[in-house]
There are 2 protein chains.
Amino acid sequence: MYGLIGKMRASRGQRDAVMDLLRASTGALPGCLSYIIATDPADADAIWVTEVWTDQASHKASLQLPEVQAAIAKARAFIAGFEFQVETHPVGGFGLPDGKTG
Amino acid sequence: MYGLIGKMRASRGQRDAVMDLLRASTGALPGCLSYIIATDPADADAIWVTEVWTDQASHKASLQLPEVQAAIAKARAFIAGFEFQVETHPVGGFGLPDGKTG
């Protein structure tokens, strides 16, 4: 599996607008196992996104989907920057679809 | 919802031992919606854990469960430290149990 943990910063006051766009574009994308959007109680403009994909290729392919491209285009105006991003290799745990947890 | 994103560092060469202990103790704990354990391709001794709970109280209560206490006691000898931890407020996305996604 392929994972991403990232923190983005919305333009002042635009956090909820960015989150609405992220949520609207996040459905059952091919290869997406988990995509969780969270606020940060210590940082009012921050958005944390944690993702699990079957593999890196699925994540990369998702960025080319029309609905994802449209969301990125809309959200760009409200995003001040990306502060943190790490790639991970999820190996298991709890809460992933059957057969993916270990 | 209540979330945690954390990075721990295993003692040199003990990463997989720690991950095995984490995986063994991570089942359907009350209030746990997601608990994903991942390696870091850029850091051989690191373990990333991303968690989603119904609320902070459920997470706190889980730390008192006998099976979790036993796992913590066993793992402690193999953990060098905790390098990063942030609390989040997950609001939705994809892959959480029905009714928890937005």
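Restricting attention to the stretch A:16-44, the residues being within 15 Å of A:Pro66 (Cβ to Cβ) and in contact with an Asp or Glu (Cβ under 7 Å, 6 or more places away or on another chain) number 1. Sub-7 Å Cβ pairs linking a first residue in the stretch B:74-86 that is open to solvent by 100 Å² or more (accessible area, probe 1.4 Å) to a second residue that is assigned to a helix (DSSP H, G or I), at least 6 apart or interchain, are B:Lys74/B:Leu21, ordered by first then second residue. Of the residues in the stretch B:9-30, not one is closer than 15 Å to A:Ile36 by Cα and of a type outside the set (S, T, N, Q).
Which one is most open to solvent (accessible area, probe 1.4 Å) among residues in the stretch B:1-20 that are more than 9 Å from every other protein chain (Cβ to nearest Cβ), over 11 Å from the mean Cα position of the chain (by Cα) and of a type in the set (A, V, I, L, M)?
Among those that are more than 9 Å from every other protein chain (Cβ to nearest Cβ), over 11 Å from the mean Cα position of the chain (by Cα) and of a type in the set (A, V, I, L, M), it is B:Ala17.
Looking across the stretch B:23-43 at every residue that is under 18 Å from A:Gln56 (Cβ atoms) and open to solvent by 20 Å² or more (accessible area, probe 1.4 Å), the one that is nearest to the other protein chains (Cβ to nearest Cβ) is identified as B:Pro41.
The values are calculated or read from the model by the stated rules, or taken from the named source; none is laboratory data. Since the model is a prediction, treat every value here as computed from it, not as a measurement. Counting neighbours? That spans all protein chains shown, and the Cβs are built from the backbone with ideal geometry, glycine included. SASA here: full protein model, heavy atoms, side chains in, ligands and nucleic acids out. Shrake-Rupley method; radii C 1.70, N 1.55, O 1.52, S 1.80 Å.
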